[in-house]
Amino acid sequence: MEALVGGDAARCEAVITGDTELNALQLRMRELAVVTIVTQAPVDGDLRRMLAYLHMSAELERMGDHCVSIAKIGRELCEHRPAGRLDDLTRMAELCGIQLDEMLAAVVEGDVEGARIVASHDDRVDRIYRRLFDEEVHACAAGEEDAACATRLTLVAHHLERIADRVTNMGEDLVYLQTGNVEELG
C-alpha cells in the first residue's frame with residue numbers, strides 16, 4: 001500500500017518478486033509436515049498442532065498473494081495517479097496490519113481470547129470496504145470518476161478485505177489448536 005500510495009513502481013516490483021520467497025517457505029512447511037506425518041505418525045494434539053500451523057502458513061501465503069495483486073495494481077496506477085479514495089485504502093491497510101500483528105502475537109502466546117478479540121475487529125475493514133465499493137460505483141455511474149481507475153481501487157479494497165478475513169481464519173485455527181473445537185470467528 002505504501003508503494004501504491006507513493007507511486008513507487010520499484011517498490012511494487014519488489015513486493016511482486018518477493019512473493020517467490022514466501023511461496024518457498026510455505027512449500028517447505030508442507031514438505032516438513034508430510035515428512036513428520038510419514039516418519040513420526042503424530043496423533044491427537046501433535047497432529048492438530050501441525051495441521052493448524054500448516055493452515056496458518058497457507059493463510060499467510062495467500063495474504064502474500066493478495067499483496068502481490070495490490071502491488072500489480074499499484075504498478076499500473078503509477079502512471080495514472082488516482083485522485084481520491086487512497087485515504088480509505090490506507091486505513092484499511094493499517095487495520096489489516098494491526099490485526100495481523102495482533103493475531104501473530106496471539107498465536108505465539110496461544111491466546112485464544114486474544115484471537116477472538118482480533119477476529120472481531122474484522123468488521124471495521126468490512127465496513128470501509130462496503131462504503132468504498134458503494135462510493136466507487138456511484139462515482140462511476142455519475143461520471144465523476146474514471147471507471148478503470150475506480151475498478152482498480154475497488155479491487156485493492158477487495159484484496160485488503162480478504163487479507164483481514166484470512167487473519168480471522170488464523171484465529172479460528174488457533175481456537176482449534178488450543179481447544180480442539182471448530183469455531184466461526186468471522
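Do we find that D134 is of a type outside the set (S, T, N, Q), at pLDDT below 95, part of a helix (DSSP H, G or I) and over 20 Å from R81 (Cα atoms) in this structure? Against the criterion (of a type outside the set (S, T, N, Q), at pLDDT below 95, part of a helix (DSSP H, G or I) and over 20 Å from R81 (Cα atoms)), D134 qualifies.
Looking at (1) within 21 Å of L177 (Cα to Cα); (2) surrounded by 18 or more Cβ atoms within 10 Å (Cβ to Cβ); (3) in contact (Cβ under 8 Å) with a residue 60 or more places away in the chain, find the lone condition where M50 falls short. Condition not satisfied by M50: (3). Return a yes/no flag: does the range 13-35 have any residue that is closer than 20 Å to C149 by Cα, touching a residue at least 24 places away in the same chain (Cβ under 8 Å) and assigned to a helix (DSSP H, G or I). There is at least one residue in the range 13-35 that is closer than 20 Å to C149 by Cα, touching a residue at least 24 places away in the same chain (Cβ under 8 Å) and assigned to a helix (DSSP H, G or I). For the range 140-186, filtering for residues that are among the small types (G, A, S), surrounded by fewer than 18 Cβ atoms within 10 Å (Cβ to Cβ) and part of a helix (DSSP H, G or I) leaves 3. Within this structure, E2 passes the test of being under 20 Å from the mean Cα position of the chain (by Cα) and modelled with pLDDT under 95. A single member of R62, R75 is under 23 Å from R152 (Cα atoms), touching a residue at least 40 places away in the same chain (Cβ under 8 Å), charged (D, E, K, R) and in contact with a Cys (Cβ under 6 Å, 6 or more places away or on another chain), and it is R75.
Quick check: anything in the range 129-147 among the small types (G, A, S), touching a residue at least 60 places away in the same chain (Cβ under 8 Å) and at positive phi? Checked the range 129-147: no residue is among the small types (G, A, S), touching a residue at least 60 places away in the same chain (Cβ under 8 Å) and at positive phi. Looking only at the range 150-186, residues that are in contact (Cβ under 8 Å) with a residue 24 or more places away in the chain and more than 22 Å from the chain's Cα centre (by Cα) come to 3 in all.
Would you confirm, using the coordinates I've provided, whether D87 is at pLDDT below 95, closer than 22 Å to D123 by Cβ, loosely packed, with under 15 Cβ neighbours inside 10 Å and of a type outside the set (F, W, Y)?
Spelling it out, D87 is indeed at pLDDT below 95, closer than 22 Å to D123 by Cβ, loosely packed, with under 15 Cβ neighbours inside 10 Å and of a type outside the set (F, W, Y).
The values are calculated or read from the model by the stated rules, or taken from the named source; none is laboratory data. All values reported here derive from a predicted model rather than from experimental measurement. Please note: Cβ atoms are built from the backbone with ideal geometry, for glycine as well, and neighbour counts cover all protein chains shown.
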